[in-house]
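Structure, as C-alpha cells:
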Amino acid sequence: VLTIAVVGAGPAGLYLASELMAATDLEVRVDVYDRLPTPFGLLRYGVAPDHLKMKALGIPLQRTVDDERVRFFGNVELGRDLSVEDLRERYSAVVYCYGASSDRKLGIAGEDLVGTVPATEFVRWYSGHPDTVTTAAVVAAESAVVVGAGNVALDVARILVKSVTELQETDIPQPVLDALAASAIRDVHILVRRGPAQVKFTTKELRELGELDGVDVVIAPGAMDLDPESEASLEDDRVAKRNVEEMRAWASRTPTGAPRRLIFHFWTSPTAIEGEDGVVARVVTDANRPVAGQDTEPIDAQLVIPSVGYFGVPVPGLPYDDASGTMTNVEGRVQRDGADAPGEYACGWIARGPSGVIGTNRSNAKRVVEAMLADDLPDAEPWDAAAELTARGVDVVTREHWNLIDAAEIALGGGAGRARTKLETWESLLGARG
Ligand SMILES: Cc1cc2nc3c(=O)[nH]c(=O)nc-3n(C[C@H](O)[C@H](O)[C@H](O)COP(=O)(O)OP(=O)(O)OC[C@H]3O[C@@H](n4cnc5c(N)ncnc54)[C@H](O)[C@@H]3O)c2cc1C
C-alpha cells in the first residue's frame, strides 16, 4: 500500500489527493492533515464570500474528503502536534501543501499603527477565520486606503463598500455582517504603484466594482492618458486592454453623488502612514509619475490595508527560501542540500508562491503526482493516526466531525434564509461536533 501524508487541506492538498487516486491502479491511502478544523484552505478563508461560483469549487473538493481512501485530520498542526520526522518515518511520501499564510510588508513608517490591517488579516476577519484578531471597530473608519494592484486588493475594497443587502446571500458570519451593516465607510482609496495598463486585476473582478449599488468609481481622467509604450503593450495583452477600456469608461462618467466612493490613485506609492495617539490618521504618498487631475495631498484615513501579496512561512525541519517565501523544490520535489529529498514533495502556494487561480493548483498537483509515480516510492502500512495523536493530547477533528460542523453552518444559514452562515470561533467550530 502507498500511504501518503498531505499537509494542508486547501485546494492544492485536496487536488493532489484526487489526482493521485485517479492516476494509479496501485492501492493508495491518503491522510490529509490541517491545522484548522475545516478543509478547503483559502477557498474557505480567502476567496471572497460574494464569489459564489468560485466557492462552489468546494463541492468536488468535498467529494475527495469523502473518499473512503482519504482520512481527514483537522486541528493538527505540522511543527506543533506533528513533526516532519513523524511523517517521513510513517509514510511512503509526504506532500507539503500548507500554503502562504503571512503577508509581504510595505516597509514604510507607521505600518504598526492601530488601524493598519494587512489584507491577510482583513480577509481573515470577513471570512470568519477563527484566528482573526480584528474587531467590528475596524469599519468605524470613514476613509480607508487599500494599497495594491491585484485581485485581493479589489476583493478588500469591494467588501468595504458593498451594501449588506448585496452580501446577504453569502456565508459571512453574522457578527461581521452586522459590523458591515453599521459601517461608516464613505471613501476607499486604492493606491496603485504603476498605471492602468500594468494592473494585475482580472477584468471580471474589475468590472464588478462598476456595478455596485450606491458606489461611484472615481479615476482622474489624466490617469487614462497612457504613454505610447503602455498604449502599444495593450495590443499584445487582451486582459490589460479590456481593463483599460473598463477604466476609461469609468473615468468619463460623471459621479452620481453616491454615498460611497472607490477612488483610484495611479502611479502612487505610500511613503508613510502617519498617526495621532498611535492610531492611523493619514497616508503620505509619492507620485511615481505626475497624473493630471489626481490629488497628491496626504490622504486622510482611519484604516489602511496593505495588499501587496501573501507570503509563505517557514516550518521547522523544512527547507525554506526566505526571498520568495517558498519551500525549496524542483518540479515539486523538495530539495535538501541541493538534491531531491526522497519521499518529500511540495505543491500549491508553498511550492510556487502566491499566484494563479484555484485551477492552477490542480495542474500543479497533476505534475507533482507524475513526479511521485515516476519515483520508486516504498510501501508503508497506514498508522493509527487518530489514536496516536489523541494519546499525545491532540484534539483531532475527523471527517465525521467536519461533517457535523458543516451541517451546523448550513442549519445556521437556513435559519436566516441563507445557504450557510460560517461559525467564526474555535469554540463554536469545535463545539459543533456535539
Ligand atoms: C484573498 C484571496 C482571494 C482569492 N480569490 C480567488 C478567486 O476568486 N479565484 C481563484 O481562482 N483563486 C482565488 N484565490 C487563490 C486561491 O485561494 C489559491 O490559489 C489557493 O487557495 C492556494 O491553495 P493552497 O492549497 O496552496 O493553499 P491554501 O488554500 O492556503 O491551503 C493551505 C492549507 O494548509 C493549512 N496549513 C497551514 N500551515 C499548516 C501547518 N503547519 N500544519 C497543517 N496545516 C497547515 C492551512 O490551514 C490551509 O488550510 C484567492 C486567494 C486569496 C488569498
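The values are calculated or read from the model by the stated rules, or taken from the named source; none is laboratory data. Just so it is clear, the structure is predicted and the values come from calculations on it, not from any experiment. All Cβ positions, glycine included, derive from the backbone under ideal geometry; neighbour counts span all protein chains shown.
Annotations
For (1) of a type in the set (A, V, I, L, M); (2) surrounded by 14 or more Cβ atoms within 10 Å (Cβ to Cβ), each residue gets a yes or a no:
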{"position": "215", "(1), (2)": "yes, yes"}
{"position": "219", "(1), (2)": "yes, yes"}
{"position": "231", "(1), (2)": "no, no"}
{"position": "243", "(1), (2)": "no, yes"}
{"position": "247", "(1), (2)": "yes, yes"}
{"position": "254", "(1), (2)": "no, no"}
{"position": "264", "(1), (2)": "no, yes"}
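- Selection within the stretch 377-397: residues that are free of Cβ contacts under 8 Å to residues at least 12 places away in the same chain and not in a loop (DSSP other than H, G, I, E, B). The member of this set that is nearest to the chain's Cα centre (by Cα) is 390.
- Of the residues making up the stretch 1-11, those that are within 21 Å of residue 342 (Cβ to Cβ) and hydrophobic (A, V, I, L, M, F, W, C) are 1, 2, 4, 5, 6, 7.
- Of all residues in the stretch 332-376 being crowded, with 21+ Cβ neighbours inside 10 Å and part of a loop (DSSP other than H, G, I, E, B), the one that is nearest to the ligand (Cβ to nearest atom): 348
- Residue among 201, 264 that is within 30 Å of residue 357 (Cα to Cα), of a type in the set (Phe, Trp, Tyr) and not in a loop (DSSP other than H, G, I, E, B): 264
- Criterion violated by residue 303 - all others in (1) aliphatic (A, V, I, L, M); (2) closer than 26 Å to residue 47 by Cα; (3) within 11 Å of the ligand (Cβ to nearest atom); (4) surrounded by 14 or more Cβ atoms within 10 Å (Cβ to Cβ) satisfied: (3)
- Those residues of the stretch 395-434 which are touching a helix residue (DSSP H, G or I) at 6+ places or on another chain (Cβ under 9 Å), at pLDDT 95 or above and among the hydrophobic types (A, V, I, L, M, F, W, C), in sequence order: 396, 397, 402, 405, 408, 412, 423, 429, 430, 432
- Positions within the stretch 116-161 being out of contact with any strand residue (DSSP E or B) (no Cβ under 7 Å at 6 or more places or on another chain), within 23 Å of residue 358 (Cβ to Cβ), touching a residue at least 40 places away in the same chain (Cβ under 8 Å) and part of a helix (DSSP H, G or I), in sequence order: 123, 124, 125, 126, 127, 151, 152, 154, 155, 158, 159
- Count of the stretch 170-187 residues which are in a helix (DSSP H, G or I) and among the charged types (D, E, K, R): 1
- Output for the stretch 398-418, where each listed residue is outside any helix (DSSP H, G or I), surrounded by 14 or more Cβ atoms within 10 Å (Cβ to Cβ) and of a type outside the set (D, E, K, R): 398
- Screening residue 292 on (1) part of a loop (DSSP other than H, G, I, E, B); (2) more than 17 Å from residue 227 (Cβ to Cβ) shows it passes everything except condition (2).
- Helices (runs of 4 or more DSSP H) contained entirely in the stretch 1-89, each with at least 1 residues that are more than 7 Å from the ligand (Cβ to nearest atom) and basic (Lys, Arg): 41-45, 52-55, 58-66
- Number of positions in the stretch 306-323 that are in contact with a Phe, Trp or Tyr (Cβ under 9 Å, 6 or more places away or on another chain) and surrounded by fewer than 20 Cβ atoms within 10 Å (Cβ to Cβ): 3
- Residue within the stretch 157-175 that is over 26 Å from residue 36 (Cβ atoms) and within 14 Å of the ligand (Cβ to nearest atom) present: yes
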